[in-house]
Amino acid sequence: MLLIIHGLLCFSVLVFPFSVAVTNVGLGIALALGFVSGLWWMGAKQCWNEFRLLSIAFIAYLALFLFGLMWSHDPHWGVHVVARQWFWLLIPVVIAVSVDDNRRLRILQSLSTGLALNLAFCVLQVLGYVDLNTDGSGVADATGHIGHIGFGFVYGIWAAWLIHLGYHRKAWQRWGAWGLAVWSYVMVFTAQGRAGQLVAVVLLLCV
């Protein structure tokens, strides 16, 4: 069961830049299997024991959504917004799976591969070689369904992680990681509004 959940997480983060819907299906199945197998409870216990302040912060964050329903002018929409926070429940599953260094590395490699492929796809769209003619992605807006701020947020974190990773690697691995980070920032600043650029710069400084 652990290997299946790990495979679903790798697949989900790989396709995330291209299809949020497919990603949600994969993560939803992984979450369900986590509950059934008991992996979720194991991760939740580990999260509480080792990351107590982070756990309290997330509980408070989710509680604010529920508490905010008391002042909602549209409770039905409020419930819809609260339901969209379901992915935070994946944290214990990810923690339990990531205990093993190799499994954690494969998840990060899958995510990096998906983000790099999406950057290449964005370049093809900007140059006009590919045009999907959809509302979410096109030549005029290569960021697609990720959105301007989300694009800067996702690729800002990725670039900052790649820069950090480069310091722990040597030779071509170091320059490869830094090269991808530079490419990521070039795309953020060429395909973004100012909001996405600001998010990317702040994240770089923080990390």
*What is the spin-label model distance, in nm, from VAL22 to PHE87 if the labels are put 7 Å beyond Cα along the C-beta direction?*
1.6
*Starting from the Cα of LEU66, step 7 Å along the direction of its Cβ; do the same at LYS170; then give the gap between the two resulting points in nm.*
5.2
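VAL182 to PHE58: extension gain in nm, 0.36 nm per residue of separation minus the Cα-Cα distance? It would help to have the intermediate numbers written out before the result.
Details: separation 124, 0.36 × 124 = 44.64 nm, distance 3.22 nm.
Result: 41.4 nm gained on full extension.
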*Surface per residue (accessible, 1.4 Å probe) for the stretch 16-106, Å²*: 66
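Hey, with R₀ at 22 Å, roughly what FRET efficiency would ALA116 and ILE4 work out to, going by the Cβ-Cβ distance, to 0.05? Please list the in-between numbers first.
On the way: r = 26 Å, r/R0 = 1.16.
Working from the Cβ atoms, E equals 0.30.
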*Based on the Cα coordinates of the chain, what is the per residue volume of their convex hull in Å³?*
156
*How would you rank 23-29, 72-78, highest first, on the average number of other Cβ atoms within 10 Å across their residues?*
23-29, 72-78
*CD proxy at 222 nm, helix term only [per DSSP H run n ≥ 4: -39500 (n - 2.57); per residue of the chain; nearest 500]*: -24500 deg cm²/dmol
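At 0.36 nm per residue, and after removing the present C-alpha to C-alpha distance, how many nm does the segment from LEU124 to ARG104 gain when stretched out fully? Could the numbers behind the result be given before it?
Values: separation 20, 0.36 × 20 = 7.20 nm, distance 3.07 nm.
Going from the current span to full extension adds 4.1 nm.
For the chain, with all protein chains present and a 1.4 Å probe, just round the carbon and sulfur fraction of the accessible area to a whole percent. Before the final figure, lay out the partial values.
Details: 8970 of 12540 Å².
Taking all protein chains in place, the chain shows 72 percent carbon and sulfur surface.
The values are calculated or read from the model by the stated rules, or taken from the named source; none is laboratory data. Since this is a predicted model, take the numbers as computed values, not measurements. Every residue, glycine as well, gets a Cβ built from its backbone with ideal geometry; the counts of neighbours run over all protein chains shown. What goes into the accessible areas is simple: the full protein's heavy atoms, side chains included, and nothing from ligands, DNA or RNA. Shrake-Rupley method; radii C 1.70, N 1.55, O 1.52, S 1.80 Å.
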